[in-house]
Structure formats: C-alpha cells, structure tokens
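Working notes for the structure below.
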Amino acid sequence: GENFCPEYAEIFIRKWMIGAVAMWHGKHSPMMLVLAGSKQNTGKTHFFRYLLPDELQPYYAEAELTGDKDENLLMCSKAIMMNDEMSNKSNRDLATMKKLCSVQYFNLRRPYGKTSENLPRIAALAGTSNNIEILNDPTGNRRIIPIEVTAIDHDKYNSVDKIDLWMEAYHCWKGGEAYQLDQSDIELLNQNTEEFEEPSTEKELIMKFFRKPNNGESPQKMTNTEIKVYIET
C-alpha cells in the first residue's frame, strides 16, 4: 500500500516471537504470523519448520487449526503450530482460526482422563498461504499478521543460530519489551495489509463506479441510500 512501512515485517515478526516466548511462560499472545505469496518454493513453510532449534523440534507441529479436540489438545503441548494450507480456507475456517488465536485455556479431557480440566494453550500460531487475499475483515483485524514473501535468503536464514535467536527473544520478554499490539501497532498493521484484503462485492462495486476527486475538483456528497441507488441504476 501507499503507506507501506519498510520495517513492518521486522516489527511484527519480532513481536510474534516475543509473544511466543510469553505463551510458553503462561502469558497470552493472540497473534498468528502468516507468510503469504503466490510464488512457489520461496521457503515459507521451511521458515517455520526450522525456526526452533534441533533440540526443540518435537515441540513443532502442523495442523489444520479447525477447532478439532485433538488439535486443541496439541496446542497445550506444542510450542509452535502451523497451518500450511491457508490458501484453501473458507471464511468460516478463518473465523475459527481467529477464535483460536484468542483462546488462553481449553476445557479438555486428556487421553484416558476421567474428567475435563482447563489446560493452558502454549502454542504460538503460524500459517502459510499461496493466496495473498487472506483477510476478510481487515479493519477489525488485530490477530492475523500477514507478511508477503517473494524470496527468503536461505543462506542467511540457515546461518542464524536458532538457540541464540530464541534466547534473544526470551531476554527481550524478560526485559519487558512489549509484544501485545497497542493502538499505533494496530494502525500500522491495517495500513500495511491492504493487499491482503479479500475484496467484498460492495467494495468492488464502489471501486468500479466511484473515484476520488482530482485536485481542485469538489467531491459530491451522497448518502448510503443514494450510493446504493446509483450503483443499481
């Protein structure tokens, strides 16, 4: 978008990582980091699969994130859970994912358990998508963090010591660095995610039949009803 901030990716990946550390220590972070882009084989999936060091690989999992009880139970024992198929998701699926982002505790029965219990979710959520239009409610979005990926420098990625990387995130969290989104973060998010919006029929019609006034040109004021009648005509 025209208000694009070059530091957008760095700011929000950093917040997501510090938020992940917070999740592992019982503090809630509702963000879901999504790498999106139509180019195939850019390494979006690889980015998440190898973000944890070798010693912590058993704490990484991939799932559909549909609200399934077994998946929810996994979210209470895995450090990162990633949906690698977001391109195929319906609006209902995306709404479910947004709800899962907000969940701090699941009321679940463990395998062979006799009673249900409140289990804390510790998994930080992530996703990849080959379709860039993944936001169906962009103005109300404060959970899904989409970042467009055209290429990843794999040599640089592989050269990063993942233990050092997560220790830095841990010390940032211990030092009190903010990972929750404040109002200015939400504004920055909305300003930089226009290309990720799934266009609604209403928006497409308005874009087709209306335009911004040129310099020196007076805008014509219309009510919602007048706009509707104009489009129908």
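The values are calculated or read from the model by the stated rules, or taken from the named source; none is laboratory data. Since the model is a prediction, treat every value here as computed from it, not as a measurement. Neighbour counts are summed over all protein chains in view; Cβ atoms, including those assigned to glycine, are modelled from backbone coordinates with ideal geometry. Protein only, heavy atoms only, side chains kept; ligands, DNA and RNA dropped before computing areas. Shrake-Rupley method; radii C 1.70, N 1.55, O 1.52, S 1.80 Å.
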When ligands, DNA and RNA are left out and all protein chains stay put, how many square angstrom of accessible area per residue does the chain have with a 1.4 Å probe?
-> 60 Å²
Find the relative contact order for the chain and round it to a whole percent, using C-alpha pairs within less than 8 Å whose residues are 6+ positions apart.
-> 30 percent
Lysines whose Cα lies under 21 Å from that of K39, excluding same-chain neighbours fewer than 8 positions away = K89, K156
For the chain, the accessible surface attributable to carbon and sulfur atoms (probe 1.4 angstrom, ligands and nucleic acids excluded) amounts in percent to 49 percent
Low-density loop cleavage sites - chymotrypsin sites (Phe, Trp or Tyr not before Pro) in the stretch 76-134, where at most 16 other Cβ are within 10 Å (DSSP) = Y112
Translational D in µm²/s for the stretch 72-180 (Stokes-Einstein at 37 °C, 0.692 mPa s, Kirkwood Rh from C-alpha pairs) | 196 µm²/s
Could you tell me which of rounded, prolate or oblate describes the stretch 33-117, using a ≥ b ≥ c as the square roots of the eigenvalues of the alpha-carbon gyration tensor, with rounded for a/c under 1.5 and, failing that, prolate when a/b is larger than b/c and oblate otherwise?
-> oblate
Taking N as the number of residues in the stretch 137-184, what is its Cα Rg relative to 2.2 N^0.38 Å?
-> 1.57
For the chain, what proportion of DSSP beta bridges, expressed in % and rounded to the nearest 5, is antiparallel?
-> 20 percent
How big is the chain on each of its three principal axes, counting only the C-alpha atoms and giving the largest first in Å?
-> 64, 46, 36
